[in-house]
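Q: Encoded as structure tokens, here's the structure I'll be asking about.
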Amino acid sequence: MGYPQRLLLDGEEIVLDLRPHWWFLSKHIAVGVPVVAFGVFALTLDGDTGTVVGWLAAALFVVWLLWFAARLLQWLSTHFVLTSERLIYRKGLVAKHGRDVPLNRVNNIDMSQTVFERILRSGDLLIESAGESGQQRFTDIKRPEYVQREINRAVEANDVRERSGGIPAAPSVPTQIAELAALRDRGLISDAEFQAKKAELLNRM
């Protein structure tokens, strides 16, 4: 389930809506492996010993399952959202915690990864912003280099809108041609219409 649209500002659009990297669940999954293995071992035992060990294995599995379910719910209720106006961080199902960073206050974005995190394509982002919030670290970000690049693009686009009085900048000619090509590939416009519009755009350059 994505970030609720009703929580967005008027005219605000979502650029990225991310949950933490699956590594967020790794410790709980790793603990589950020996728990399940112990349960399988218990099934091979007979007699009173098998019964006692079986009940113990079942109890351990229930405890692990509840522990894992709590972590999974935490993962499902955590959002790192980039919109056209701000960065939004929300976590918690019942007790909620959140942070908002307006894009016009973002000063710098640092990305950090260990060697292991590079293999997993995970990492952290440190965002410096003007005001009281200062530096804020966001961990377990999927594809942090890509996210860093998209945040920088959104910050630049927001800056252009503000300098132009809130009027969005017109897409570049290559962008418009790419969008037309996508419409042609989907069968929404003919190739002749694509070529005619492409020529018109190129003549404007």
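The numbers here are math on the coordinates, done by the rules we state, and not lab data. For clarity, every value in this text was computed on a predicted model and none was experimentally measured. Counting neighbours? That spans all protein chains shown, and the Cβs are built from the backbone with ideal geometry, glycine included.
Q: Can you give the charge dipole size of the chain about its Cα centre, rounded to the nearest 20 debye, using +1 on the beta carbon of Lys and Arg and -1 on the beta carbon of Asp and Glu?
A: Values: 24 positive and 24 negative charges, 6 e Å.
The calculated dipole for the chain is roughly 40 debye.
Q: Mean Kyte-Doolittle hydropathy of 1.0 or higher plus an axial Cα length of 24 Å or more: which whole DSSP H helices in the chain meet both?
A: On the way: long enough: 26-43 (26 Å, 1.67); 47-76 (42 Å, 1.34); 144-163 (28 Å, -1.41).
Span-like helices here: 26-43, 47-76.
Q: When the Kirkwood radius is taken over all Cα pairs of segment 1-78, what Stokes-Einstein diffusion coefficient follows at 10 °C and 1.306 mPa s, in µm²/s?
A: 103
Q: Next up: For every helix of n ≥ 4 consecutive DSSP H residues, a contribution of -39,500 (n - 2.57) applies; sum these over the chain, divide by its total residues, and give [θ] at 222 nm rounded to the nearest 500 deg cm²/dmol.
A: -16500 deg cm²/dmol
Q: Just name one of Gly123, Leu103, Ile88: the one whose Cα is farthest towards the positive end of the charge dipole of segment 83-124 (beta-carbon charges, Lys/Arg +1, Asp/Glu -1).
A: After comparing all options, I get Ile88.
Q: While we're looking at this one, here's another question. Let me make sure I get this right: for segment 91-148, a, b and c are the square roots of the gyration tensor eigenvalues over alpha carbons, sorted descending. Under 1.5 in a/c it's rounded, otherwise prolate if a/b > b/c, else oblate. Which is it?
A: Values: a/c = 2.56, a/b = 1.29, b/c = 1.98.
In terms of gyration-tensor shape, oblate.
Q: Using only alpha carbon pairs under 8 Å that are at least six residues apart, calculate the relative contact order of the chain and give it in whole percent.
A: On the way: 237 pairs, mean separation 33.0, N = 205.
After rounding, I find 16 percent.
Q: Kindly provide the Kirkwood hydrodynamic radius of the chain in Å, to one decimal, from all pairs of distinct alpha carbon atoms. Working shown, then result.
A: Working: mean 1/r = 0.0471 Å⁻¹.
The Cα-based Kirkwood calculation yields 21.2 Å.
Q: Ok, one more. Would you mind estimating how fast segment 77-189 diffuses translationally, via Stokes-Einstein at 37 °C and 0.692 mPa s with the Kirkwood radius over Cα pairs, in µm²/s?
A: Estimated via Stokes-Einstein, D reaches 202 µm²/s.
Q: Counting only trypsin sites (Lys or Arg not before Pro) that are in a DSSP loop and have at most 11 other C-beta atoms within 10 Å, tell me the longest site-free stretch of the chain.
A: 1-95
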